[in-house]
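Let me begin by presenting the structure, written as structure tokens, before commenting on it.
The values are calculated or read from the model by the stated rules, or taken from the named source; none is laboratory data. Model, not experiment: these values are computed from the prediction. Backbone-built Cβ (ideal geometry, glycine too); neighbour counts: all protein chains shown. To get the accessible areas, we keep the full protein, side chains included, count just its heavy atoms, and leave off ligands, DNA and RNA. Shrake-Rupley method; radii C 1.70, N 1.55, O 1.52, S 1.80 Å.
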Amino acid sequence: MKRRKKMEPDYAFIAIKVDNYSVRADAGINSSLLGSPRLIDNEEEPVHEFETKLEITGLCTDPEDRAGHRFEISMYGAPDIDQRTPRIKDLRERNNEGDYRYRTYRGREYLVYASPPPVAYIDKVRGENRWITWLWVSPRMVSDSLIILSGSKPVYISLHEIKEGRKRCIQNLTLQTTDPAEE
């Protein structure tokens with residue numbers, strides 16, 4: 001029986017010219033405390049919730065096979081994002097006995113790390129030339145993005161996408177004032 005060859009991931013560097021954005025900032029009482037009965041999962045949650053949402057839309061300029069496709073990116077500024085993202089030490093791989101795995105390279109041993117999780121996933125809307133993604137970022141990322149968007153220069157988004165099987169992951173997202181297709 002033939003062994004199946006493991007599929008290599010496809011990489012794409014996507015350039016998007018931003019044509020519109022909208023922003024919303026919310027402050028309120030934790031939704032778990034509203035209504036009755038109060039079903040509270042975690043009593044360590046704060047009483048007040050704060051969230052900022054930035055929606056950015058634009059047209060793809062590069063690569064050519066996606067040129068003209070619309071991209072919709074939603075960024076949610078979450079104050080607790082630093083506590084929710086894994087640390088590098090969390091990616092250490094373990095063997096069957098629970099000990100850390102090491103590999104030898106040129107006579108030295110190095111820890112083995114699992115692949116990091118993506119920043120976000122990106123989905124194509126079926127039957128349309130439209131792509132959507134949403135990601136949770138620090139409030140500072142939302143603020144910095146708004147500063148860039150409010151300037152007089154044209155704004156672009158650079159996405160580093162990796163496709164493995166049917167999933168498309170965003171490895172990196174950059175908001176910038178230079179066209180990434182020309183870099």
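Check Tyr102 against each of (1) among the hydroxyl-bearing types (Ser, Thr, Tyr); (2) under 27 Å from Ile16 (Cβ atoms); (3) surrounded by 12 or more Cβ atoms within 10 Å (Cβ to Cβ) and name the one condition it does not meet. Condition not satisfied by Tyr102: (2). In the set Arg126, Arg106, Arg140, Arg166, only one residue is within 16 Å of Arg70 (Cα to Cα) and among the basic types (Lys, Arg); that residue is Arg126. Screening the range 34-69 for residues that are open to solvent by less than 70 Å² (accessible area, probe 1.4 Å) and of a type in the set (Lys, Arg) and picking the one that is nearest to Ser145 (Cα to Cα) gives Lys53.
When we screen Ser115, Ser143 for residues that are out of contact with any strand residue (DSSP E or B) (no Cβ under 7 Å at 6 or more places or on another chain), hydroxyl-bearing (Ser, Thr, Tyr) and part of a helix (DSSP H, G or I), the only hit is Ser143. If you go through the range 1-25 and keep only what is open to solvent by 60 Å² or more (accessible area, probe 1.4 Å) and at pLDDT below 90, you end up with Met1, Lys2, Arg3, Arg4, Lys5, Lys6, Met7, Glu8.
Consider the range 153-183. How many of its residues are outside any strand (DSSP E or B) and closer than 15 Å to Asp19 by Cβ? Walk me through it before giving the result.
Applying the first criterion (outside any strand (DSSP E or B)) to the range 153-183 yields 153-155, 165-166, 177-183.
Now drop any that are not closer than 15 Å to Asp19 by Cβ, which leaves 153-155, 177, 179.
Going through the range 153-183 one residue at a time, the tally reaches 5.
Out of Tyr100, Tyr156, I need the residue that is of a type outside the set (D, E, K, R) and more than 30 Å from Asp26 (Cα to Cα). Which one? Unique residue meeting the criteria: Tyr100. Would you check if there is a residue in the range 119-135 being open to solvent by less than 50 Å² (accessible area, probe 1.4 Å), in contact with a Gly (Cβ under 9 Å, 6 or more places away or on another chain), under 21 Å from Lys53 (Cβ atoms) and touching a residue at least 60 places away in the same chain (Cβ under 8 Å)? No, that holds for no residue.
Within the range 70-99, the residues that satisfy the criterion of being in contact with a Ser or Thr (Cβ under 9 Å, 6 or more places away or on another chain) and surrounded by 10 or more Cβ atoms within 10 Å (Cβ to Cβ) are Arg70, Phe71, Glu72, Ile73, Ser74, Met75, Tyr76, Gly77, Ala78, Pro79, Ile81, Leu91. Of the residues Asp41, Asp65, Asp19, the single one that is among the acidic types (Asp, Glu) and over 30 Å from Val142 (Cβ atoms) is Asp65.
Within the range 159-183, how many residues are in contact with a helix residue (DSSP H, G or I) (Cβ under 8 Å, 6 or more places away or on another chain) and small (Gly, Ala, Ser)? First the steps, then the outcome.
Of all residues in the range 159-183, those in contact with a helix residue (DSSP H, G or I) (Cβ under 8 Å, 6 or more places away or on another chain) come to 174-177.
This time we only want the ones that are small (Gly, Ala, Ser), so: none.
Residues meeting the conditions: 0.
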